[in-house]
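Have a look at the structure below before the remarks.
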Amino acid sequence: MTDDKKVLIVVENSWVPHDKRVWYEATTLRDAGWQVAVICPAPSRAPGGEVIDTTRTPEILEGIRVYRFPMVEAWHGVLSYLREYLTAFYAIARVSWRVWREHRFDVLHFSNPPDLFSPIAMFYRLLGVSVVFDHHDLFPELVLCRYHGLAARVFYAGARVGEFLSFHSANVVISTNESYRRVALGRGKVPPERIVVVRNGPKREQFIPVGPVPSLKRGFPYMAAFAGVMGPEDGVDELLQSIRYIVNELGRRDILFVLLGDGSVREQAQANAAAWGITDVVDFPGMIRDDFVLRQYLCTADVLLSPEPLTPLNICSTFIKVGEYMALGKPIVAYELPETRHTAQDAAVYLKPGDTQAFGRAILTLLDDLPRRQVMGETGQKRIKECLCWEHQQDELFRAYAIATSRR
């Protein structure tokens, strides 16, 4: 596909290879003959406890140069997020210039959130670089989910400007689904020929089922699991309300609920679990960075959970966890959201958003119906293999790159 062309991929809110979408893109381009470099934040701490900084000497990971910059993640408050974003902007500008001076690159592929990096993109376009904007999240809607009052309105207005500039600093926009494509067409005013949909989907040959580990159930007959980021928009509080209803109202203490992940609401979720007297049936293992261990947890569970509430952000978003749940052949309980239904179809049970008691009852109904769970799991696996796995998305990624480089 290429003659040793070079791409620099930039992501601010996650790191590789933990960010599956970014890593799939990077390795797919590598396999197609591109020389790939990635700039991303480092995990907060290295295993030995030291802050990671590979901005001078990059880490070589599966043939990809990875530049990790240290960053203190923001958890609460507008000012803390502004500090994170401005620190990241400086680091990415500095490291990208280093990469340019030492190696050059033909394509700059940047993603959001935040929508802050259009000045960097426009600078490199002046130097002849093609730019791809990978639209991961609706950042203005994310702001509305997290903040309220005057600060939210000001931040939202800035986010809308940043989003528009992100759209128009790029030669091509990659949308993660049709809902995001409509946003790019509508308020983004992006011409349709400059938008390519590349959906989220697990790699067919990598994210595969593994054997269950009975010890992870800690002696419970049943296990239900959630995996993902724990932010205000991810439904962890609503899920705990469902668990409280199952345990305290319906008297079911034969289910272990495992909440895998980390984020700004995790600490409060643990406090709520303690206050509601359900800590004996709720486990918070934290962020599982080992992909094999993550699959062990999910394959041990009997039911997997996608409790994202109805918000302006979630109503348009495709959640990576849903595709991964399906790839592992597990039934899903989720709220009725358009893109969730489009992805999972008959592999999930859907509840009216906000009805935490119905969500809890649906969990119990599935746990008590093994044949239905098996059919739903098989349905999800078939849909992933036939149309949603990454192998079906990568041709669209190549098409986006062809558009971007043709407009250079």
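The values are calculated or read from the model by the stated rules, or taken from the named source; none is laboratory data. These numbers were taken from a predicted model, which means no experiment stands behind them. Positions of Cβ are generated from backbone atoms using ideal geometry, with glycine treated the same way; all protein chains shown enter the neighbour counts.
Whether any residue in the stretch 360-369 is of a type outside the set (S, T, N, Q), free of Cβ contacts under 8 Å to residues at least 40 places away in the same chain and not in a helix (DSSP H, G or I) is what I want to check. Yes, there is a match, as at least one residue in the stretch 360-369 is of a type outside the set (S, T, N, Q), free of Cβ contacts under 8 Å to residues at least 40 places away in the same chain and not in a helix (DSSP H, G or I). Against the test of being assigned by TED's automatic domain parsing to the domain that holds Arg341, modelled with pLDDT under 95 and closer than 28 Å to His136 by Cβ, the options Leu313, Leu298, Leu239 yield a single qualifying residue, Leu313.
Please verify whether Val154 is over 22 Å from the mean Cα position of the chain (by Cα) and either part of a helix (DSSP H, G or I) or at pLDDT 95 or above (or both), treating the condition exactly as stated. Taking the combined requirement at face value, the residue satisfies it.
Read through the list (1) crowded, with 23+ Cβ neighbours inside 10 Å; (2) out of contact with any strand residue (DSSP E or B) (no Cβ under 7 Å at 6 or more places or on another chain); (3) within 20 Å of Thr343 (Cα to Cα), then give the number of the only condition that Lys203 fails. Lys203 satisfies all of (1) crowded, with 23+ Cβ neighbours inside 10 Å; (2) out of contact with any strand residue (DSSP E or B) (no Cβ under 7 Å at 6 or more places or on another chain); (3) within 20 Å of Thr343 (Cα to Cα) except (1). Of the residues making up the stretch 99-118, at least one is in a helix (DSSP H, G or I), at pLDDT 95 or above, closer than 24 Å to Thr318 by Cβ and in contact with a Ser or Thr (Cβ under 7 Å, 6 or more places away or on another chain). Considered as a group, the residues in the stretch 65-90 that are touching a Ser or Thr at 6+ places or on another chain (Cβ under 7 Å) and at pLDDT below 95 include one that is surrounded by the fewest Cβ atoms within 10 Å (Cβ to Cβ), and that residue is His76. Screening Ser406 on (1) modelled with pLDDT of 95 or more; (2) closer than 30 Å to Leu126 by Cα; (3) not basic (Lys, Arg) shows it passes everything except condition (1). Only residues that are touching a helix residue (DSSP H, G or I) at 6+ places or on another chain (Cβ under 7 Å) and either surrounded by fewer than 17 Cβ atoms within 10 Å (Cβ to Cβ) or in a helix (DSSP H, G or I) (or both) were counted in the stretch 278-295, giving 1.
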